[in-house]
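*Asks:* I'd like to ask you about the structure that follows.
The values are calculated or read from the model by the stated rules, or taken from the named source; none is laboratory data. As the structure is a prediction and not an experimental result, all values here were calculated from the model. Cβ: placed from backbone, ideal geometry, glycine included. Neighbour counts: every protein chain shown. These accessible areas exclude ligands, DNA and RNA; they are computed on the full protein's heavy atoms, side chains included. Shrake-Rupley method; radii C 1.70, N 1.55, O 1.52, S 1.80 Å.
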Amino acid sequence: MVAQGDDVRIIAGGQTLVPLMAMRLARPRLLIDIVRIGELAFIRRDGDAVAIGATTRQCLLERDPIIGADLPLLARVMPFIGHAPTRARGTVGGSLANADPAAEIALVAVTLGATLCYRDGGASAEVSAAEFFIGPMMTALPTTACLTAVRFPVWREPRVGIGFHEVNARRSDFAFAAAAAQLALDENGICRRAAVGIGAVTTVPLRLEGVGEALVGTRCDAPLVHEVVTEALSGIEPLADLHASAAYRRRAAISLAGRAITDAYEAAVNVN
């Protein structure tokens, strides 16, 4: 969670920022840690959404019954975030505000169309996840603002399935590419709603709107999935660094997205 300006940084535990400071990649002169503000640590149903407070520890999401029942995709990605000690100290808001392109929580937020809530002075405001992330470690959060919560929409269809895959050098390392999918099927196995996203491939997590639209009304057959995902990713500019080339990230994203969609479809088909 970041509110920076005049060399001041708001943190929520510092699990992400402190390592960056150790590597001299961030050098704020003043840190304000809000992790002990109990009012910002919560998980609760809020109408057609689940609201999660910014200082909520990541480890709590792994075993929370509300998350498991209402946000299965978020529950699925949590074990992939760092290591157990990392999740025990890291917060939901801290991960979102840090805006790492490879962050799993950010990927789910964009894929599901979450809304981020913040306070700026005495005023409250909201921004969609798609508009919140504007670049690596960069967000639309005003410099004088503090992230307070995130609201994830809940899908109420009776047959919902999820899928998630990522590739990295070692389990719990930063991903080179990741993909998430959530599908809702009717009683005949026809897709009626689809959300697909990729992370760690571009400067911000992306929801593949065209893929979701193309899957609706189909049984998500493998040839169709490969075709629409390949077409959707043909126009992006993947990241390239010492860990993975742009060409590799594109290939990996196509493969992972296809696998995530297939897993989501099969999971939804098997819902009792």
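*Asks:* Give me a count of the residues in the range 178-216 that are in a helix (DSSP H, G or I) and open to solvent by 30 Å² or more (accessible area, probe 1.4 Å).
*Replies:* The qualifying residues number 4.
*Asks:* If you don't mind, another one. In the range 221-256, what residues are of a type in the set (A, V, I, L, M), out of contact with any helix residue (DSSP H, G or I) (no Cβ under 7 Å at 6 or more places or on another chain) and assigned to a loop (DSSP other than H, G, I, E, B)?
*Replies:* 236, 242, 244
*Asks:* For the range 64-98, which residues satisfy the criterion of being among the β-branched types (Val, Ile, Thr) and outside any loop (DSSP other than H, G, I, E, B)?
*Replies:* Those that are among the β-branched types (Val, Ile, Thr) and outside any loop (DSSP other than H, G, I, E, B): 66, 67, 77, 86, 91, 92.
Yes/no per residue for (1) within 22 Å of residue 100 (Cα to Cα); (2) of a type outside the set (Val, Ile, Thr); (3) modelled with pLDDT under 95; (4) surrounded by 12 or more Cβ atoms within 10 Å (Cβ to Cβ):
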| residue | (1), (2), (3), (4) |
| --- | --- |
| 15 | yes, yes, yes, yes |
| 23 | yes, yes, yes, no |
| 43 | no, no, no, yes |
| 47 | no, yes, no, no |
| 68 | no, yes, no, yes |
| 74 | yes, yes, no, yes |
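*Asks:* Taking the range 147-175 on its own, how many of its residues are among the polar types (S, T, N, Q) and part of a loop (DSSP other than H, G, I, E, B)?
*Replies:* Summing the residues that are among the polar types (S, T, N, Q) and part of a loop (DSSP other than H, G, I, E, B) in the range 147-175 gives 2.
*Asks:* Whether any residue in the range 135-151 is open to solvent by less than 20 Å² (accessible area, probe 1.4 Å), over 19 Å from residue 206 (Cα atoms), of a type outside the set (Phe, Trp, Tyr) and modelled with pLDDT of 95 or more is what I want to check.
*Replies:* Yes; the residues of the range 135-151 include at least one that is open to solvent by less than 20 Å² (accessible area, probe 1.4 Å), over 19 Å from residue 206 (Cα atoms), of a type outside the set (Phe, Trp, Tyr) and modelled with pLDDT of 95 or more.
*Asks:* Okay, moving on. Which ranges mark the strands (runs of 3 or more DSSP E) fully within the range 105-146 that have 3 or more residues being out of contact with any Gly (no Cβ under 9 Å at 6 or more places or on another chain) and of a type in the set (Lys, Arg)?
*Replies:* Those strands (runs of 3 or more DSSP E) do not exist here; none qualify.
*Asks:* Restricting to the range 36-63, count the residues that are part of a loop (DSSP other than H, G, I, E, B) and touching a helix residue (DSSP H, G or I) at 6+ places or on another chain (Cβ under 8 Å).
*Replies:* Qualifying residue count, the range 36-63: 3.
*Asks:* Name the residue, out of 86, 111, 91, that is open to solvent by 10 Å² or more (accessible area, probe 1.4 Å), outside the structural domain of residue 170 (by TED's automatic domain parsing) and of a type in the set (S, T, N, Q).
*Replies:* Just one listed residue meets the conditions, 86.
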